[in-house]
Amino acid sequence: MRMIAAITAAAVLVGSTAIAQDAPTFPFPTSCSGVSAPRYANKLDAGWEMTKVLGSLTQPRSIVFDPEGHMLVLQATSGISVHTFGEDGCVASSKNLVQNAGLNHGLSLSPDGTTLYASSQTAAYSWTYDPATQALTNQKTLISGISQGIHFTRTIMVSPKNPNLVVVSVGSNNNWDYATSSPSAGRSIVKVFDVTAAPSAGYNFNTDGTVLAYGLRNSVALAFDPNGHVWASENSGDSFTLNNQDIHIDNPAEELNYLGDPENPPADNWYGYPTCFTVWSPTPFPGLETGSQFVPQPNTTFPDHASCEAASKPPRLSFLAHMAPITNAFHPSGSALYTTFHGSWNRQPASGYKVLEIPFTQTAEGVYDPVPAANAQTFGVDVFAASDPAACNSPSLTMSTCMRLAGLAWEPAGERLFVSSDNQAEGEIFVLRKKA
């Protein structure tokens, strides 16, 4: 069975999983018996193929694979399920691992496949996992005391480079969370925790751990590049005005930020929120460009846009406002980053509702970096998307007239890319593959 040619090393790091040459492989199915057609109209890039492999799920938010090729899915308000594949590449069996209505987004597996992590709004948990039997035991509370608020999903990811380190993201508690100017607030922040030093009752999120980055309004989408460094896609602010003029249709931009190495967190790790934001459309900002920093509410500390440019760490790339990035996943080779965009409620015409492929390159210094320039507005490939994203209507976080793309993961062999839609009307999972 075919494997991506780029996988030449004994193991390549991607997300929270080690991609090995001897990983189980499955054919790409053109259809799966008993699985209904995609519920919502969609379009696919000509260089890709797609098949729906699961339907009738409950808000599937996150996907991970164990070393045996089993697919684990966190279904928000339900729990965690595991799915095995048959020789036809379709799902052959499914079973529940955890029933817990509080689990709502975060899911990660250690590189050796023996420790599973998941999160609720206020806590993060770990279990011992057996890939051979797909069984969970020994549940522990790893982190507690996480703040509540309008952003209630907590991304958790174990480092593929150093499996002792777990990275956790917590968003703001409202649109303007002024207390998060200080990392001590424990919100709008990404922190690192050493699981080997965890107290018996678990860490307290606000007072423990190491700050990797803060000033991030809601960085749900985290991913490790092949060096084990963290990239985050940011959900930025809603309903903005500037000088009493409505600018919210195109500004502020969603962001792609490089957060750095969790083993050696950078010192300059403030990304602007709740004071400084990123330009997508320069029209309201004479002299600025896409990717520039601006201050919507000047104050004595930040009296103008230039003060934000000087103090806030800018994004590496900017996305159109309100697309709502949910999950990032690097191609095993590091040649591209894939991002799911959940779709907008605060923009008409709507934006998002797609999987975007962003080309990456490795510099002479060995650092991974996007190919597009920092001020680019058009880049990458819309791999899989709603047929007419501008016409999508999403009156709530869980309901929409279109698929709402959420989870994203490569299988261990690195050939098939799986993506979920967590629309409350029907949770679906699709498999994608580049054509030969």
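Residue by residue, here is whether (1) in contact with a His (Cβ under 8 Å, 6 or more places away or on another chain); (2) open to solvent by less than 40 Å² (accessible area, probe 1.4 Å); (3) not acidic (Asp, Glu) holds:
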{"position": "238", "(1), (2), (3)": "yes, yes, no"}
{"position": "243", "(1), (2), (3)": "no, no, yes"}
{"position": "252", "(1), (2), (3)": "no, yes, yes"}
{"position": "258", "(1), (2), (3)": "yes, no, yes"}
{"position": "272", "(1), (2), (3)": "no, yes, yes"}
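Is it true that some residue in region 170-177 is modelled with pLDDT of 95 or more, touching a helix residue (DSSP H, G or I) at 6+ places or on another chain (Cβ under 6 Å), under 23 Å from residue 122 (Cβ atoms) and open to solvent by 10 Å² or more (accessible area, probe 1.4 Å)?
Within region 170-177 (the criterion being modelled with pLDDT of 95 or more, touching a helix residue (DSSP H, G or I) at 6+ places or on another chain (Cβ under 6 Å), under 23 Å from residue 122 (Cβ atoms) and open to solvent by 10 Å² or more (accessible area, probe 1.4 Å)), the answer is no, since none of the residues qualifies.
Just to check your reading of the model, which residue among 78, 62, 93 is surrounded by fewer than 20 Cβ atoms within 10 Å (Cβ to Cβ), at pLDDT 95 or above and out of contact with any Phe, Trp or Tyr (no Cβ under 8 Å at 6 or more places or on another chain)?
93
Counting only residues that are farther than 30 Å from residue 295 by Cβ, give me the strands (runs of 3 or more DSSP E) lying completely in region 103-203 with at least 3 of them.
Where strands (runs of 3 or more DSSP E) fall fully within region 103-203 and carry at least 3 residues being farther than 30 Å from residue 295 by Cβ, they are 107-109, 115-119, 124-130, 135-144, 155-158.
For region 383-414, how many residues are assigned to a loop (DSSP other than H, G, I, E, B) and buried (at least 21 other Cβ atoms within 10 Å of the Cβ)? Write out each step before concluding.
Here is the first cut: in region 383-414, the ones assigned to a loop (DSSP other than H, G, I, E, B) are 387-388, 392-404, 411-414.
Cutting the leftovers down to buried (at least 21 other Cβ atoms within 10 Å of the Cβ) gives us 392, 394, 400, 402-404, 411-414.
Here the count works out to 10.
Within 20 Å of residue 385 (Cβ to Cβ) and among the small types (Gly, Ala, Ser) - does that describe any residue in region 269-285?
no
Could you tell me whether residue 219 is small (Gly, Ala, Ser), within 28 Å of residue 139 (Cα to Cα) and either out of contact with any helix residue (DSSP H, G or I) (no Cβ under 6 Å at 6 or more places or on another chain) or open to solvent by less than 10 Å² (accessible area, probe 1.4 Å) (or both)?
On the way: small (Gly, Ala, Ser): yes; within 28 Å of residue 139 (Cα to Cα): yes; either out of contact with any helix residue (DSSP H, G or I) (no Cβ under 6 Å at 6 or more places or on another chain) or open to solvent by less than 10 Å² (accessible area, probe 1.4 Å) (or both): yes.
In short, yes.
From the list 35, 98, which one is of a type in the set (Val, Ile, Thr) and in a loop (DSSP other than H, G, I, E, B)?
On the way: 98 fails: in a loop (DSSP other than H, G, I, E, B).
Unique residue meeting the criteria: 35.
Any residue at all in region 261-284 that's farther than 30 Å from residue 224 by Cα, without any contact (Cβ under 8 Å) to a residue 40 or more places away in the chain and part of a loop (DSSP other than H, G, I, E, B)? So that I can check it myself, show each step before the final result.
Pass one, region 261-284, residues farther than 30 Å from residue 224 by Cα: 282-284.
Pick out the ones that are also without any contact (Cβ under 8 Å) to a residue 40 or more places away in the chain and you get 282-283.
Now restrict to residues that are part of a loop (DSSP other than H, G, I, E, B): 282-283.
Yes, there is a match, as at least one residue in region 261-284 is farther than 30 Å from residue 224 by Cα, without any contact (Cβ under 8 Å) to a residue 40 or more places away in the chain and part of a loop (DSSP other than H, G, I, E, B).
Tell me which of these residue 328 doesn't satisfy, since it passes every other one: (1) in contact (Cβ under 8 Å) with a residue 24 or more places away in the chain; (2) open to solvent by 30 Å² or more (accessible area, probe 1.4 Å); (3) in contact with a strand residue (DSSP E or B) (Cβ under 7 Å, 6 or more places away or on another chain); (4) among the polar types (S, T, N, Q).
(2)
The values are calculated or read from the model by the stated rules, or taken from the named source; none is laboratory data. Just so we're clear, the structure is a prediction, and the values are computed from it rather than from any experiment. All Cβ positions, glycine included, derive from the backbone under ideal geometry; neighbour counts span all protein chains shown. The protein model used for the area step is the full one, side chains on, heavy atoms only, and it has no ligands, DNA or RNA in it. Shrake-Rupley method; radii C 1.70, N 1.55, O 1.52, S 1.80 Å.
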